[in-house]
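Structure first, commentary second.
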Amino acid sequence: MIVLVGFMGAGKTTVGRLLADRIRVPFVDADEAIVAAQGRSIADIFTAEGERGFRRVEAVRIAELLAGEEVVLALGGGALGTPAVRDALAAHRVVLLDVPLAEALARVGDDTGRPMLARPDLAEVYAGRQQDYRDAASVVVPVAGRTPDEVADAVLSELGILD
């Protein structure tokens, strides 16, 4: 299993789909899996249960996915804030797609499906997550100025996987 982590806008879903296709395993976006399991959007979960409630739901779903079949799994940008998620990742290949904040924000624009964009302390959230990403990562792949294909190539190279 390859697990992709990083801040929103890092390209986890786009690169994850490319990787899954290249190594011939399914791709799973943890946020999409949460929406499917809950029958409501991430924004709706945040509204109804707050961030803490969402993180509980997220941790349970990620644990289920990590215990399942071999996939390329993209985690939400804040998933590593939950200790149980960080602990569960220890046995997996974790790739940090490292994106500068300015590039991340340019990539996501004003996507209303991303509740974190409404936070006035977004720069602090970004900075605060960086160490968790690095601590969990088996490898770090910079994404700035690279196409998704170039990032996927770099991930496979860093992991020693030939496609």
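Overview of values
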{"item": "Inter-probe distance in nm under a simple model that places probes 7 Å from Cα toward Cβ, at Ala90 and Asp44", "result": "3.7 nm"}
{"item": "Estimated dipole of the range 15-98 in Debye, rounded to 20 [Cβ of Lys and Arg +1, of Asp and Glu -1, Cα centre]", "result": "120 debye"}
{"item": "Cβ-Cβ FRET estimate between Glu158 and Ala102, R0 fixed at 22 Å, reported to 0.05", "result": "0.35"}
{"item": "Efficiency of FRET between Asp135 and Glu51 - r from beta-carbon atoms, R0 22 angstrom, step 0.05", "result": "0.60"}
{"item": "Sequence-distant residues sharing a close amide H with Met8 (under 5 Å, placed H)", "result": "Gly77"}
{"item": "Read-out Rg/Rh (Cα atoms, Kirkwood Rh), derived from the coordinates shown; its label in (1) 1.01; (2) 0.93; (3) 2.02", "result": "(2)"}
{"item": "Amide N proximity, the range 30-60 versus Glu124 label position 7 Å along Cα-to-Cβ, cut-off under 17 Å", "result": "51-52"}
{"item": "Under Karplus coefficients 6.51, -1.76 and 1.60, residue-wise ³J(HN,Hα) of the range 63-79 in Hz, glycine/proline x", "result": "4, 4, 5, 5, 8, x, 5, 5, 9, 9, 10, 9, 8, x, x, x, 4"}
{"item": "Relative contact order, percent, the chain [alpha-carbon distance under 8 Å, six or more residues apart]", "result": "35 percent"}
{"item": "Residue-by-residue Karplus 3J(HN,Hα) for the range 152-160, coefficients 6.51, -1.76, 1.60, Hz, glycine and proline x", "result": "4, 4, 5, 4, 4, 5, 4, 8, x"}
{"item": "Placed amide H near Ala74: partners under 5 Å, 5+ positions off or other chain", "result": "Leu4, Val28, Asp29, Ala30"}
{"item": "Packing-based ranking, highest mean first, of 139-152, 62-75, 3-16, 33-46 given that Cβ atoms within 10 Å are counted", "result": "3-16, 62-75, 139-152, 33-46"}
{"item": "Given charges at beta-carbon only (K, R positive; D, E negative), |dipole| of the range 2-155 in Debye", "result": "140 debye"}
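Every number here is computed from the coordinates shown, using simple stated rules; none is lab data. Note that this is a predicted model, so its numbers are computed, not measured. Cβ coordinates were reconstructed from backbone atoms using ideal geometry, including for glycine residues, and neighbour counts include every protein chain displayed.
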